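The values are calculated or read from the model by the stated rules, or taken from the named source; none is laboratory data. Just so it is clear, the model here is predicted, and its values are computed rather than measured. Cβ sites come from the backbone with ideal geometry, for glycine too, and all protein chains shown count toward neighbours.
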Amino acid sequence: MTYGEVVELCLFSRRAPGGIAVNRLLCRCCLLVFLGLGAVKIAEARGSEYLEGPVGELVQLNFSGRFTESLERVGNLLAADAGDYRAYFVRAACYGWFIAISPENRRYHNQFTESLRACIKHSSKIKSSDPEYSRALFFKALAMITEARFKAIRGNYISSRWTTRGAKEAAEELVALVPQDIDVWLPLAVFHYFWGGSSVWKRMAQFVAMVPRGKKELGLSLLEDCADKGEDSRLWASVALLTIYLGEENNTEKALKLAERLHNSFPSNAVLHLVLGECQRKLARWEQAEAVYRNITAKVLSRVPSYSEEVYEISRLRTVEAQVKLKKMDEAFAGVRSILISNPMHPEWIVPWAHLFTACIYRYQGEWERAERACRYALDSHDHNGLHEQARQELKAIEKEEPFE
């Protein structure tokens, strides 16, 4: 029996009725079959084995929004031990927060992938006979899955799918070693969700290329288990779920509840704060959205560490958007005028969207020529997140001189 077959049995056993005790027993039985041994006592790996000591403190510091301080302290750990694979993964997480604020800015992309590869390289040096092996395998699998996911986000689908081969093997081996520990299921859960449910042609391509395919519903279930019952996997699983819920139209309320919980736990994390505002936007709760973005702007001005200039520009634009939706046009005009005067370069989509909201304001005021000019500025800019489609709709309404509603 292969690792994959053992894991497959474990995965389906988790769905069976009878609760966690039955599931653990089934997983242990599967492991005994795989090892071909008699009575074997499986030592339960607690979460502290993965994030004990300074690394665990750094993960909390990282989630707290003190990204730069985390990077400095990670550097100290690596200066003391250049083979500390856990520190490399935390360093990648630091860069990940920077990237999340403005994915279009590629400033930190190389550092992010280099840190993940260093984690994979050094964790791979730990031998299977070493007591530290399961911990090394946890970070190796997590780093490989994260690298594959990052490639997919950047549009490198083929490279991403090829990377999942080794990632899935490492994740399955990890689960086969300690299936009773919920934390170890995190890498496999991410794989199953993000590489499950592919279209027919992608499935055919995967078969030809001999790359693995996941089970999307199973991945979601496992991620929810990790977020609910995990120790060291809880925060990372929660962030993955937040991304998933936010991307699904029917789960925006779930995303909002999770974003509120994470923001309350880490009120100085600008990324989580922005996601909270994004949830309110998607639900068209414009008064709440305006309040969130005003609070973000205030934190930027108070120089809270993770609230950067890019965060400031995003919050200013989103405040204007909420005010336009609420027809607070005087406030919206003052905000958008400030943006256009300062002409921020990053994120690069701020100014084009500001032109579109300017067109909306002029349309509301019945200044049709100015509205059309502002709308065409938006259309002449680089398209981002449906900008051109909305601008074309706005232009049609302006040409017909339809009142703003």
Any chance you could count how many residues in segment 129-169 are surrounded by fewer than 17 Cβ atoms within 10 Å (Cβ to Cβ) and in contact (Cβ under 8 Å) with a residue 60 or more places away in the chain? 1
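Table: residues versus (1) charged (D, E, K, R); (2) at pLDDT below 95.
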residue	(1), (2)
D84	yes, no
I101	no, yes
S123	no, no
S129	no, yes
R149	yes, yes
A167	no, yes
Using the structure shown, decide if K327 is basic (K, R) and either outside any helix (DSSP H, G or I) or in contact with an Asp or Glu (Cβ under 7 Å, 6 or more places away or on another chain) (or both). yes
Could you list, in sequence order, the residues of segment 379-405 that are exposed (fewer than 15 other Cβ atoms within 10 Å of the Cβ), modelled with pLDDT under 95 and among the polar types (S, T, N, Q)? N385
Report the residue count in segment 341-378 for those that are outside any helix (DSSP H, G or I) and crowded, with 17+ Cβ neighbours inside 10 Å. 3
Suppose we filter segment 350-405 for residues that are more than 19 Å from K325 (Cβ to Cβ), hydrophobic (A, V, I, L, M, F, W, C) and under 34 Å from the mean Cα position of the chain (by Cα); how many remain? 2
Can you pull out the residues in segment 349-373 that are out of contact with any Ser or Thr (no Cβ under 9 Å at 6 or more places or on another chain) and within 15 Å of E313 (Cβ to Cβ)? I350, A354, F357
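For every residue, the table says whether it meets (1) of a type outside the set (G, A, S); (2) within 15 Å of the chain's Cα centre (by Cα).
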position: A92; (1), (2): no, yes
position: I99; (1), (2): yes, yes
position: Y108; (1), (2): yes, no
position: A143; (1), (2): no, yes
position: E147; (1), (2): yes, yes
position: Q180; (1), (2): yes, no
